[in-house]
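The values are calculated or read from the model by the stated rules, or taken from the named source; none is laboratory data. Since the model is a prediction, treat every value here as computed from it, not as a measurement. Positions of Cβ are backbone-derived with ideal geometry, glycine not excepted, and every protein chain shown enters the neighbour counts.
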C-alpha cells in the first residue's frame, strides 16, 4: 500500500509541475496585441508567441519543408517554412514571435511561411 501511495504522489507532483509550466508559459506569452494559440481563429491573420518544441525537416510534394511545433502553454500549432532545409537560429527551445494566417491540414492547425522574430 505504501508503494502505491508513493507512486501516486510522484505522478501527482509531476502532473502538477506540468500544469504549472503551462500556466507560466501562458502568463509569459499572453500579452496585449498577441493571440494565444488555443483561441486564435482559423483563417485569420494572427500574431503568436511561444517556444519551439520540435523542429524537423519533412519534404512536402518534393519540396523541402522545415516544420516546427510552436507551444505557448495554451495549445500547439505547426509552423511550416516551405523550400527551407534550415533557418539560422530556429531550433528546439527557441522563443519565437510569428505572424501569419492559420490554416488546417490533416486536422492539424498550421501556419505556412510566417513572418517571424527570434525572441530573447
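Whether any residue in region 50-72 is outside any strand (DSSP E or B) and in contact with a helix residue (DSSP H, G or I) (Cβ under 8 Å, 6 or more places away or on another chain) is what I want to check.
So far as region 50-72 goes, yes, one or more of its residues are outside any strand (DSSP E or B) and in contact with a helix residue (DSSP H, G or I) (Cβ under 8 Å, 6 or more places away or on another chain).
So is residue 91 in a loop (DSSP other than H, G, I, E, B), under 14 Å from the mean Cα position of the chain (by Cα) and more than 20 Å from residue 34 (Cβ to Cβ) or not? Reasoning before the result, please.
Values: in a loop (DSSP other than H, G, I, E, B): yes; under 14 Å from the mean Cα position of the chain (by Cα): yes; more than 20 Å from residue 34 (Cβ to Cβ): yes.
For residue 91, the condition - in a loop (DSSP other than H, G, I, E, B), under 14 Å from the mean Cα position of the chain (by Cα) and more than 20 Å from residue 34 (Cβ to Cβ) - is met.
Considering only residues of region 22-37 that are part of a loop (DSSP other than H, G, I, E, B) and modelled with pLDDT under 90, which is surrounded by the most Cβ atoms within 10 Å (Cβ to Cβ)? Quick ask: steps written out before the conclusion?
Of all residues in region 22-37, those part of a loop (DSSP other than H, G, I, E, B) come to 30-34, 36-37.
Now drop any that are not modelled with pLDDT under 90, which leaves 30-34, 36.
Details: 30: 15, 31: 10, 32: 4, 33: 6, 34: 16, 36: 19.
If we take residues in region 22-37 being part of a loop (DSSP other than H, G, I, E, B) and modelled with pLDDT under 90, then 36 is surrounded by the most Cβ atoms within 10 Å (Cβ to Cβ).
Any residue at all in region 98-107 that's free of Cβ contacts under 8 Å to residues at least 40 places away in the same chain and in contact with a strand residue (DSSP E or B) (Cβ under 7 Å, 6 or more places away or on another chain)?
No, because not a single residue in region 98-107 is free of Cβ contacts under 8 Å to residues at least 40 places away in the same chain and in contact with a strand residue (DSSP E or B) (Cβ under 7 Å, 6 or more places away or on another chain).
Looking at region 59-75, which of the residues that are surrounded by fewer than 16 Cβ atoms within 10 Å (Cβ to Cβ) and at pLDDT below 90 is nearest to residue 103 (Cα to Cα)?
60
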